[in-house]
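First the structure, in the form of structure tokens, and then the observations on it.
The values are calculated or read from the model by the stated rules, or taken from the named source; none is laboratory data. Bear in mind the structure is a predicted one, so any value in this text is a computation, not a measurement. Every residue, glycine as well, gets a Cβ built from its backbone with ideal geometry; the counts of neighbours run over all protein chains shown.
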Amino acid sequence: MASTDTAGTGTPAAALSEREIAIRRGAIALFFEHGYAAVGIRQIAAAVGLSTSTLYHYGESKLELLEAVMIDSDEILQAHSERALARTEDPRLRFAGLALTLVGAQVESRKTCYVMDNEMRAVSPGSARGARILGQRRRFEALWEEAIAAGVASGQFTAANTDVARVGLIGMYSQTSLWYRPNRALDRAELCREMVDLGLAALGSARLSGEEARELRAAAEFIRFDWEPDDGEAPEPGFPRYAELRAAP
């Protein structure tokens, strides 16, 4: 995306110290590379140059660390999504704004998003933090449910089952972090527009016009969480094949 795009800030209302952000960044990098279950608290401490006892000062467990990242990241994504909806009353463009916000977060903060979307099994719904995370996810899905239903009511969308459309589209967009790599066949702007258009097509609506796409991109806030690790990957040509991604270590 062009340099004129707005970069979303990644700090929630309760500001974190530089050390807390560094701990989160190190944990996300390890969870992304090895999986949450395979990472121990000592590995996280070593990655950020702290003793285990010092790390425990910032959290009782690696689960508490994971849940804190999820809670703050979901809070930020919700706020950006609500801002995207507030920019227009047109149901079709409201959906497009939601889709662009989610895809933008997936490509700008792909390691955090990957961990958030693929490590939910570690969260206990019976705990206070787990219940809060599930509540946040329901609030987020409600934005999509309302946007899709409004498009159907206005005649702009033709989805036969809005629940299937909501779940399917959020699922599609939320897996972008699984396969996105920097500078593949599509640059970020092209990728985001193509993904938004796929969602519109699934809902029986036309692709974005050139003017609509430009307006959305000008207002877009691509969210880079403060705790997102540096990507560290060299640009690669071509487009990933799903079989290759699944076979990768």
Would you check which residues across the stretch 12-37 are closer than 23 Å to HIS57 by Cα, in a loop (DSSP other than H, G, I, E, B) and at pLDDT 50 or above and list them?
-> PRO12, ALA14, ALA15, LEU16, SER17
With the checklist (1) at pLDDT 95 or above; (2) over 26 Å from LEU186 (Cα atoms) in hand, flag the one item PHE95 doesn't pass.
-> (2)
Out of the residues in the stretch 118-143 that are closer than 15 Å to HIS34 by Cα and part of a helix (DSSP H, G or I), which is farthest from the chain's Cα centre (by Cα)?
-> ALA122
Top-ranked residue of the stretch 163-215 - restricted to ones that are buried (at least 16 other Cβ atoms within 10 Å of the Cβ) and acidic (Asp, Glu), ranked as nearest to LEU102 (Cα to Cα) | ASP197
So GLU228 clears everything in (1) out of contact with any Ser or Thr (no Cβ under 9 Å at 6 or more places or on another chain); (2) at pLDDT 95 or above; (3) buried (at least 20 other Cβ atoms within 10 Å of the Cβ) except one condition, right? Which one?
-> (1)
Can we say LEU216 is touching a Leu at 6+ places or on another chain (Cβ under 8 Å) and not small (Gly, Ala, Ser)?
-> yes
Does any residue in the stretch 176-199 that is farther than 19 Å from LEU93 by Cβ come within less than 6 Å, Cβ to Cβ, of a residue that is at pLDDT 85 or above and not aromatic (Phe, Trp, Tyr) six or more places away or on a different chain, and which pairs are these?
-> THR176/VAL103; THR176/GLN106; SER177/GLN106; SER177/ARG110; SER177/CYS113; TYR180/VAL107; TYR180/ARG110; ARG188/VAL107
Complete set of residues in the stretch 134-155 that are more than 19 Å from THR101 (Cβ to Cβ) and either of a type in the set (Lys, Arg) or touching a Ser or Thr at 6+ places or on another chain (Cβ under 9 Å) (or both) | VAL152
Options ALA159, ALA147, ALA165, ALA206: the member that is free of Cβ contacts under 8 Å to residues at least 12 places away in the same chain and among the aliphatic types (A, V, I, L, M) | ALA206
Looking at THR4, is it closer than 24 Å to ARG132 by Cα, of a type in the set (Ser, Thr, Tyr) and either assigned to a loop (DSSP other than H, G, I, E, B) or modelled with pLDDT of 90 or more (or both)?
-> no
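Regarding GLY104, is this residue among the small types (Gly, Ala, Ser), at pLDDT below 95 and under 11 Å from the mean Cα position of the chain (by Cα)?
Against the criterion (among the small types (Gly, Ala, Ser), at pLDDT below 95 and under 11 Å from the mean Cα position of the chain (by Cα)), GLY104 qualifies.
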What are the pairs, 6+ residues apart or on separate chains, where a residue within the stretch 20-32 that is charged (D, E, K, R) has its Cβ under 8 Å from a residue that is in a helix (DSSP H, G or I)?
-> ARG24/LEU65; ARG24/ALA68; ARG24/VAL69
